[in-house]
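Have a look at the structure below before the remarks.
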């Protein structure tokens with residue numbers, strides 16, 4: 001099932017944040033532990049969402065309680081001070097050992113682009129108001145501090161951050177050196193709507209392409225029948241762009257490692 005593949009990706013994919021930092025966690029999958037797919041299916045059905053971030057959190061909650069054996073104390077708890085919301089704690093849980101842990105989690109996708117953002121960022125979200133610098137500063141500068149302030153018994157406050165840095169299809173480059181960013185994160189690609197037809201003509205993939213629907217932007221699609229040839233895929237994308245100018249996530253089958261996931265963005269991105 002797609003949920004099981006997405007769960008594996010959530011835990012086993014490389015960290016987007018620098019794993020060398022003491023406040024970044026890279027959880028592991030317990031050996032000889034499988035996924036009870038009927039249980040996961042029921043878990044996700046009870047929490048149905050189209051939001052990628054919320055889906056990511058639901059998968060982490062399942063991992064913590066059903067795979068890791070933790071006791072979940074809080075998920076999405078608002079932190080208030082004199083009636084004012086200071087923020088929200090993503091996860092507060094007790095390990096099987098009894099240790100109390102605070103996690104802030106995020107799944108983010110950024111497009112690497114030089115000189116494209118008015119604020120100077122070179123790591124820009126499909127929604128151009130989102131940048132890596134803005135997210136990282138908020139996460140490491142304020143969110144991680146919320147846990148110990150609320151519960152002094154917390155022994156660890158850590159960030160779990162997954163996602164991809166996407167390079168333009170004609171401008172492959174090594175990941176940028178940016179504060180808090182891992183140099184070994186997952187990669188992807190991006191291109192503009194107006195570049196798609198020519199790129200498809202030049203691309204060497206013979207196994208097809210598919211549009212990724214939210215919230216399934218994590219692991220590769222399980223259903224191989226979703227892939228179509230370049231002509232059909234191009235028509236599908238054009239149909240979408242006729243309805244909306246929003247970025248489109250897609251997957252290319254049988255591609256080289258790190259270049260199978262991608263984004264299509266409007267021709268005037270990031271200024272849309």
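Per the listing 161, 169, the residue uniquely touching a strand residue (DSSP E or B) at 6+ places or on another chain (Cβ under 6 Å) and surrounded by fewer than 18 Cβ atoms within 10 Å (Cβ to Cβ) is 169.
Scanning the stretch 209-224 for residues that are without any contact (Cβ under 8 Å) to a residue 60 or more places away in the chain, in contact with a strand residue (DSSP E or B) (Cβ under 9 Å, 6 or more places away or on another chain), buried (at least 18 other Cβ atoms within 10 Å of the Cβ) and in a helix (DSSP H, G or I) turns up nothing.
Inclusion of residue 107 among residues that are under 30 Å from residue 192 (Cα atoms) and either surrounded by fewer than 18 Cβ atoms within 10 Å (Cβ to Cβ) or in contact with a strand residue (DSSP E or B) (Cβ under 7 Å, 6 or more places away or on another chain) (or both) is warranted. Against the criterion of being part of a helix (DSSP H, G or I), more than 20 Å from the chain's Cα centre (by Cα), modelled with pLDDT of 95 or more and over 23 Å from residue 60 (Cα atoms), residue 195 qualifies. Against the condition in a helix (DSSP H, G or I) and exposed (fewer than 12 other Cβ atoms within 10 Å of the Cβ), how does residue 201 come out, does it pass? When the stated conditions are applied, residue 201 passes them.
For the stretch 42-52, name all the residues that are exposed (fewer than 15 other Cβ atoms within 10 Å of the Cβ) and within 22 Å of the chain's Cα centre (by Cα).
45, 46, 47, 48, 49, 50, 51
Within the stretch 78-97, if we keep just the residues that are more than 21 Å from the chain's Cα centre (by Cα), in a strand (DSSP E or B) and at pLDDT 90 or above, the residue that is surrounded by the fewest Cβ atoms within 10 Å (Cβ to Cβ) turns out to be 94. Scan the stretch 147-156 and give yes if some residue there is in contact with a helix residue (DSSP H, G or I) (Cβ under 8 Å, 6 or more places away or on another chain), assigned to a loop (DSSP other than H, G, I, E, B) and modelled with pLDDT of 90 or more, otherwise no. Yes, some residue in the stretch 147-156 is in contact with a helix residue (DSSP H, G or I) (Cβ under 8 Å, 6 or more places away or on another chain), assigned to a loop (DSSP other than H, G, I, E, B) and modelled with pLDDT of 90 or more.
The values are calculated or read from the model by the stated rules, or taken from the named source; none is laboratory data. From a predicted model like this one, the values you see are computed outputs, not experimental measurements. Virtual Cβ from ideal backbone geometry, glycine too; neighbours counted across all protein chains shown.
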